[in-house]
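The values are calculated or read from the model by the stated rules, or taken from the named source; none is laboratory data. The structure displayed is predicted, hence computed values, not measured ones. Backbone-built Cβ (ideal geometry, glycine too); neighbour counts: all protein chains shown.
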Amino acid sequence: MAYIKIKRPELSLADKLYVPAIIKGLWLTFKHAVASVRGKSQGGKDMASSGLGITMQYPEQKWDEHLPEYYRGVPALVTDEQDRERCVSCQLCEFICPPKAIKIIPGEIPSDDEWAKVEKRPKEFEIDMTRCIYCGMCEEVCPEQAIYLRQDYAVTGLTRKEMVNDKKRLYEIGGKRIGLVNKWNELK
Ligand code: SF4
Ligand code: SF4
């Protein structure tokens, strides 16, 4: 079997002492420190209440309007433009969730319901926020675009029970998402 021998680069004394890397790191830190003190750091204008633009004065000031569009906070369920629950209780998200934060009890949709052809919707749906690691796997795997990581980030509670978001709460956080895939519409 052919193989290639790769020669290791020779390290200079400065490299061995990590001196250039340390100086580079210190220079960067110094540059950002000066920018912060001058109120020129990223978002510094919005954080100017400290007088220097260094510290965000939480909770009077919040990240809310500074969060980027792609920010991924608390996972939540969404309804579609017809207020239908997008979730069809396939349980893929429950299966894929690395820390097992999701618990679903599927429920059958009665035959006289206007969405009967969808067959299932969640009877219960819980996400335990003491377990969730905000990985986004549930959002990735969902075939119905029913679960999204929203921009909420302040998750608090005095008990473990309060940290579990039930179905009602999940829809409150999630709200409505329109203009996305409606897989079942053709079959209605
Ligand atoms: S974001 Fe990750 S950890 Fe949180 S519920 Fe979804 S899959 Fe589970
Ligand atoms: S949120 Fe999506 S992946 Fe999870 S059970 Fe509902 S349809 Fe399936």
Problem set entry | Cβ pairs under 9 Å, 6+ apart, first in the stretch 124-142 and among the basic types (K, R), second within 14 Å of ligand 2 (Cβ to nearest atom) | R131/C97; R131/K100; R131/A101; R131/I102
Exercise. Which numbered condition trips up P106, out of (1) at pLDDT 95 or above; (2) buried (at least 16 other Cβ atoms within 10 Å of the Cβ); (3) within 16 Å of ligand 1 (Cβ to nearest atom)?
Worked result: (3)
For this session: Output the qualifying pairs, or none if there are none: Cβ atoms under 7 angstrom, residues six or more apart or on different chains, first residue in the stretch 151-169 and within 27 Å of P106 (Cα to Cα), second residue exposed (fewer than 14 other Cβ atoms within 10 Å of the Cβ) and modelled with pLDDT of 95 or more.
Result: R160/T130; M163/T130; K167/E124
Exercise. With (1) within 16 Å of G174 (Cα to Cα); (2) of a type outside the set (F, W, Y); (3) modelled with pLDDT of 95 or more; (4) surrounded by 14 or more Cβ atoms within 10 Å (Cβ to Cβ) as the list, and E124 as the residue in question, which single condition is left unmet?
Worked result: (4)
Exercise. What is the one condition in (1) farther than 30 Å from P59 by Cβ; (2) hydrophobic (A, V, I, L, M, F, W, C); (3) in contact (Cβ under 8 Å) with a residue 60 or more places away in the chain; (4) outside any loop (DSSP other than H, G, I, E, B) that C87 does not satisfy?
Worked result: (4)
Exercise. Taking the condition within 10 Å of ligand 2 (Cβ to nearest atom) and small (G, A, S), does S111 pass?
Worked result: no
Exercise. How about the stretch 79-94: which of its residues are hydroxyl-bearing (S, T, Y) and more than 6 Å from ligand 2 (Cβ to nearest atom)?
Worked result: T79
For this session: Pick out the one residue from V118, V141 that is assigned by TED's automatic domain parsing to the domain that holds R177, on the phi < 0 side of the Ramachandran plot and in contact with a Phe, Trp or Tyr (Cβ under 7 Å, 6 or more places away or on another chain).
Result: V118
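When you scan the stretch 58-78, do you find a residue that is modelled with pLDDT under 65 and among the aliphatic types (A, V, I, L, M), even just one?
No - not one qualifying residue is present in the stretch 58-78.
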Problem set entry | Residue that is surrounded by the most Cβ atoms within 10 Å (Cβ to Cβ) [pool: residues in the stretch 129-159 that are among the small types (G, A, S) and over 22 Å from H66 (Cβ atoms)] | A146
